[in-house]
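Read through the structure below, which is laid out as structure tokens, and then see the notes.
The values are calculated or read from the model by the stated rules, or taken from the named source; none is laboratory data. The structure displayed is predicted, hence computed values, not measured ones. Here Cβ is always computed from backbone atoms with ideal geometry, including for glycine, and neighbour counts include all displayed protein chains. SASA here: full protein model, heavy atoms, side chains in, ligands and nucleic acids out. Shrake-Rupley method; radii C 1.70, N 1.55, O 1.52, S 1.80 Å.
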Amino acid sequence: MHILRRRAARGLDLRSRVPAFLLGFLATSFQIYLLREFNAAFYGNELTFGFVLGAWLLWGGLGSLIRPKRAVDGTGLVRLYTLAIGLFLASLVLLRFSHRLMGLPPGQATGLTASLASSLLVGFLVSFPLGAAFVLNSLGLPGGTLRVYVLESLGAAVGGLGVHFLLVPRFSNWQGASIVSAAAAAALLFAVPRKRSAGLIAVALAASAGFGFLDSPAQKAAWRPLELVRSEDTPYGRLQVIRVGQQLSLYSNGLPLFTYPDAAAAEESVHFALLQLPRPRNVLLIGGGAGGALGEILKYPEARVDYVELDPAVIRLAEAVLPASGIADLRSPRVAIHLEDGRAFLERAPAASYDAVILDLPEPATAQINRFYTVEFFATVRAKLGPRGVLAFAVPSDENYIGRDLQRLLGSLLATLENVFPRVAVVPGGRNVFLASGAPLSIEAGWLSAAVSKLGLRNSFVSPGMLPARLNPLRVDYLMDKIRAGAGAGALNRDLVPVSYYFHSVFWAGQFKGPESRLLGLLARIPPFWVLDFPLMLAVPFLALAALRKRPSPYRFLVPVAVMGFTAIIAEMAVLIAFQAAFGCVYGKISLLLTSFMAGLFAGSAAGRRRKRAGPGDLAAVEAGFVIILLGVAAAVSAPVPEAVPYLALFAFGGLGGWLFIVANRLYLGESGHPGTGYAIDLIGSFLGVVLASSFVIPLLGIPALLGRLALLNLLGMLFAAALTLRKGANATVA
Amino acid sequence: MSFMTRRRFLGHTAGAGLVLGAGLPGFCNRLAAFGQGAGLSRVEARYYKKLPDREIKCQLCPRACRLGDKERGYCGVRENEGGTYYSLVYGKVCSLNVDPIEKKPFFHFLPGTGALSMAAAGCNVNCRFCQNWEVSQVRPEQVDHYDLPPEAAVGRAAANRCPSIAYTYTEPIVYFEYMYDTAVAARRKKIRSVVVTAGHVNEAPLRDLLEVVDAVKVDLKGFTQDFYSTYVRGELKTVLDTIRAVGKSGVWLEIVYLVIPTLNDRAADIRDMARWVRGEVGVNVPVHFSRFQPLYLLKNLPPTPVATLEEARETALSEGLRFVYIGNVPGHPGESTYCPGCGKVVIRRIGYRIDALHLEAGRCTFCGAALPGVWT
């Protein structure tokens, strides 16, 4: 506090504002690139996304708790920024070579422990220094914490927009990171007041500039001894083509999408479905076309295919690397390629227009893909299928034994299908093929084999040589019994309650020897009351005590900040996931969505600074605003809304949050004073929120339930803040 | 099957039905309980030595686990209790199917017949590419199994008209006692036993086992200790000793080499392996080069290109091995058996189906050359 009073310098020149602005700019762009690189290294889904974001927030919060012994001048700050840039580039390298560093071959899967540990490490390396920089900026800049927050939010918004619109579409991750770092280093060299360190910054500038050129060699090195032949960073992730001999595999974020040729997968996806129909004509294929499924469909002489692929880069890469036979299928006159989201395409299709809908997508390993396995989507499919139409998809499974976790996953898929379709059959095997229809289905080996022979299909796997063993009644019955037992209560998969995605996480985690799977499985068994309502009930007496203490602590003003931090991030995630479910392309627009939030944060905090006289009544008003918006969003997620709504919602959350932060800090700093504490509480609250929400609350309990409880929590916060106004001397005025 | 009368069939089926029915409530209970290990067995194990202070030393496999009271062996399904060693999965079956014998794969043993394929939980190695990891790489408490004592297992085989029982999916060595007793019971009913193993077993138990079983297929995972250490946590030498011992015993032997891209597909290793087989067990032992399908911890590796398998087959054939097959590529000519005398196809296979069989009394019907194997 007294440090602020000493540094009463009036300097309003632009250069003094640059460091705070730069902080926000760097924080967001680094975060975006680290998240993208993390996804590419650890096959990101929303769970790992939560880890990365959470670790980032945690370390940033801890960093902003530092209490420097002596005032740090401009040079020290510049050195810290330079260090942050260096650590950022180092983190990118660490992530790229993470498998090698763990002693694993490139094809080996890693579990949640590895993801969590890496996210904590990277968060520490990059976010901690930036959190510390926040404090140092606050100490050095006239206007202190509040001004820094405003400038930082502005820098963050600009950074996010710049990365999304200018960099991601044109440059690979490392190239973009290189540009951002070099620009920051240049700013440090020329635009920030400092005395020394020109040499150090120049080195950082040179390293940043050269970094982008290392991208391709580093990727190749990380994949050795497998041969990487092509790579492209798209808004959806990293696509890579691996060659083994004449065989090509396309990977997305380290996970195989398809291999060419791979008759087994292609045949399974297609023939079990199409053999159910006497003369399949109109077929919709979502995903996977370049992997051979198209060729299998074209074996049926009258079939024509609408092939929908979300990422145009997949087709582009396929055309660049596949042999002539593979490309011929893509270019067949009987195939129409549509580059958009499969769900959006299907929703626009006329009713009863398809004989078969084939999903050739990965299993529900992310909340984004999960939306193709939900009740809502299946209902859409049923509407667009003819009366004898068939829906089919294949899920990796176990040929000889269905364990409990796998049982729950498969059970939820079965339950969801049976909720919509009267007939469902499941083919046993290393992959289970789910078939659903309004008309009877048959997976009897003799019948299918006869159909194959009659049509003269030259199949290797869905063939008379293989079907009898695969469709042995003992196997069929065993599978059905097992998964039906797993299709109990709570198994229905919905857009806003993505349980299949959760069960898949549990199943996947079970392969690793760590405690992850048991923990996730355990969490799945806790009744919602204990997770949502009980803590709320506990909060009531706690807050009441805190509000009514005889000698109030200055931290009381930060309680709303903690609530806000917790709420805002969860609401942000909820909006993102709901947005995905409705519009299907979050990964492409994620930086834009995050930027809406940051822009709101900037606008709110700037407006908060203008408000000279602030009191706890303002806090109560903001909390009321949160409650209203949360309830509004809860209503909006279940209804069809224009695409602008999520952006507005995020902007509103950011705005309220920013306003609250400024006002609460003003009150807090008015009474005591570490400038970073408010920031820390905000971030740590966010860390808790994101880890809880992404790990199990959103997938299992669903978004509407969660938003409702958040509204209640903020209602409590509002009451708490209102109680504070009853104390004497509640108002404070600090410029 | 001449021994199968209608009464016996009904009896066996009823017996099997009773067993299944009896197991059902227990099965449902297990579904409801999370992580509760209900219903493990407590049958005294064989091949161990008692030591002072209630310790034991297991002598079943080269890991030679030395265990104190209440400790379990590396395989997880054998436990020391108070100085006596027990098998926890005796009679506890977790997977039971009727599979074509070609699926194990056995190509020179009762072709075209079905094998009752069974497994109990557990394994004494840790292959990163295990197809059955859900039952082999977990504790027995985590697995849903039901009771199927040896006699009942034999009854199931008979009920399904299977001339053989296959101990497969997991590592049958770790449930040695159950396998052994079932094989003995099966023999009494003239049902044969085939063992699918990774080969980590000591000489003495192996010798005893070979007296009661009829065929063994050994998974030779790679041909360098490096590969075995990194991807299997096993010992190449032990496996080679096992293969040698089976070869010498007269029990029918087949070998499978799962070819995994970049990990064990080097031409030099394949060549060394082929030479070793020729030298130690002879050119008549069938060798299968199988296509790797990505799963478990190596789920993100690409599958094996067919060309790689074909090269491996060419290498092995050029080293003099007579019966070299390609697995998991249905429809490939490498699935068929060619007469060593005249070169014609004596068994045409497409997937698991036998399309044509030109063998009589184990001889090629074209030229009369004898083909090694167990044909009837």
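Structure values in brief
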item: Table column - 3J(HN,Hα) (Hz), region B:69-86, Karplus curve with 6.51, -1.76, 1.60, x for Gly and Pro; result: 4, 6, 8, 10, x, 4, 5, x, 10, 10, 10, 8, 10, x, x, 10, 9, 10
item: Cα shape, region B:231-376, gyration tensor, a/c 1.5 rule; result: oblate
item: Over 28 Å (Cα to Cα) - which of B:Lys217/B:Lys344; B:Lys49/B:Lys103; B:Lys57/B:Lys299; A:Lys482/B:Lys217; A:Lys69/A:Lys550; A:Lys482/B:Lys92 fall in this group; result: B:Lys49/B:Lys103; B:Lys57/B:Lys299; A:Lys482/B:Lys217; A:Lys69/A:Lys550
item: Chain-alone versus full-assembly comparison, region B:296-331, residues with accessible loss of at least 30 Å² (1.4 Å probe); result: B:Tyr296, B:Leu297, B:Lys299, B:Asn300, B:Leu301, B:Pro302, B:Pro303, B:Pro305, B:Pro330
item: Convex hull of the protein assembly as shown built on C-alpha atoms - directionally averaged projected area, nm²; result: 46.9 nm²
item: Carbon + sulfur, % of accessible area of the protein assembly as shown - ligands and nucleic acids excluded, 1.4 Å; result: 60 percent
item: Between region B:207-274 and region A:312-368, the alpha-carbon center distance in angstrom; result: 43 Å
item: Relative contact order (percent, whole number), chain B, Cα cutoff 8 Å, 6+ residue spacing; result: 12 percent
item: Estimated buried accessible area (total), pair A and B, 1.4 Å, Å² to nearest 100; result: 4200 Å²
item: Inter-part distance where region A:131-154 and region B:88-107 are each reduced to a Cα centre, Å; result: 68 Å
item: With 5 Å bins from 0: P(r) over region A:18-145, alpha-carbon pairs, percent; result: 2, 11, 21, 22, 16, 11, 8, 5, 3, 1, 0
item: For A:Ile662, net neighbour charge (Lys/Arg +1, Asp/Glu -1) across residues whose Cβ lies under 10 Å away; result: +4
item: Extent along principal axes [Cα atoms of region B:96-160; Å; largest to smallest]; result: 33, 27, 14
item: Dipole of chain A, positive direction: furthest Cα of A:Leu239, A:Pro468, A:Pro396, with charges on the beta-carbon; result: A:Leu239
item: A:Leu339/A:Arg613 FRET efficiency (R0 51 Å; Cβ-Cβ; nearest 0.05); result: 0.40
item: Partner chain coverage, peptide B:97-105 - average Cβ within 10 angstrom; result: 3
item: Whole-number percent relative contact order across region A:225-314, with pairs defined as alpha carbons under 8 Å at least 6 apart; result: 21 percent
item: Span from the region A:531-604 Cα centroid across to the region B:342-376 one, whole angstrom; result: 73 Å
item: Dipole magnitude (debye, nearest 20) for region A:63-203, charges at Cβ of Lys, Arg, Asp, Glu; result: 360 debye
item: CD proxy at 222 nm, helix term only [per DSSP H run n ≥ 4: -39500 (n - 2.57); per residue of chain B; nearest 500]; result: -8500 deg cm²/dmol
item: Debye intensity ratio in log₁₀ form over the Cα atoms of region A:605-735, taken at each q of 0.12, 0.17, 0.19 Å⁻¹; result: -0.53, -1.00, -1.18
item: Using a Förster distance of 30 Å, the FRET efficiency for B:Arg54-B:Glu203 (Cβ separation, nearest 0.05); result: 0.65
item: Links that overshoot a 25 Å alpha carbon limit, given the list A:Lys454/B:Lys104; A:Lys384/A:Lys589; B:Lys104/B:Lys237; A:Lys384/A:Lys454; result: A:Lys454/B:Lys104; A:Lys384/A:Lys589; A:Lys384/A:Lys454
item: Share, in percent, of DSSP beta bridges within chain A that are antiparallel, nearest 5; result: 65 percent
item: Hz values of 3J(HN,Hα) by residue in region A:229-235 - Karplus curve (6.51, -1.76, 1.60), Gly and Pro given as x; result: 9, 9, 8, 8, 8, 10, x
item: √(5λ) per eigenvalue of the Cα gyration tensor, region B:109-209, largest first, Å; result: 22, 16, 14
item: Rounded if a/c under 1.5, otherwise prolate or oblate - region A:482-600, Cα gyration tensor axes; result: oblate
item: Residue-normalised accessible area of the protein assembly as shown, expressed per residue, 1.4 Å probe, Å²; result: 37 Å²
item: Total formal charge among the other residues, if their Cβ is under 12 angstrom from that of A:Glu302, Lys/Arg +1 and Asp/Glu -1; result: +4
item: Normalised contact order of region A:259-402, rounded percent, pairs of Cα under 8 Å and 6 or more residues apart; result: 28 percent
item: Top of B:Leu206, B:Leu357, B:Leu88 by mean-square fluctuation, Gaussian network on chain B, Cα under 10 Å; result: B:Leu357
item: Neighbour count of at most 16 Cβ within 10 Å plus DSSP loop: longest GluC sites (Glu not before Pro)-free window in chain B; result: B:212-376
item: D (Stokes-Einstein, µm²/s), Kirkwood Cα radius, region B:179-250, 0.692 mPa s at 37 °C; result: 253 µm²/s
item: Gained length - A:Leu545 relative to A:Ile327, 0.36 nm times residue gap less alpha-carbon distance; result: 71.5 nm
item: Point-charge dipole on Cβ atoms (K/R +1, D/E -1) for chain B, about Cα centre, debye to 20; result: 740 debye
item: Net charge, A:Leu228 excluded, C-beta distance under 13 Å - Lys, Arg +1, Asp, Glu -1; result: +3
item: Of A:Leu724, B:Ser336, A:Ala324, farthest towards positive along the dipole that unit charges on Lys, Arg, Asp, Glu beta carbons give the protein assembly as shown; result: A:Leu724
item: Region A:100-251: C-alpha gyration tensor shape, a/c 1.5 cut-off, then a/b vs b/c; result: prolate
item: Three principal axis lengths of region A:182-265 [C-alpha, angstrom, descending]; result: 66, 25, 13
item: B:Phe109 long-range amide H proximity, modeled H, under 5 Å; result: B:Val374
item: Förster radius 45 Å - calculated FRET efficiency between B:Asp355 and A:Met537 (Cβ-Cβ, nearest 0.05); result: 0.05
item: Chain B: proportion of alpha-carbon pairs further apart than 31 angstrom, %; result: 37 percent
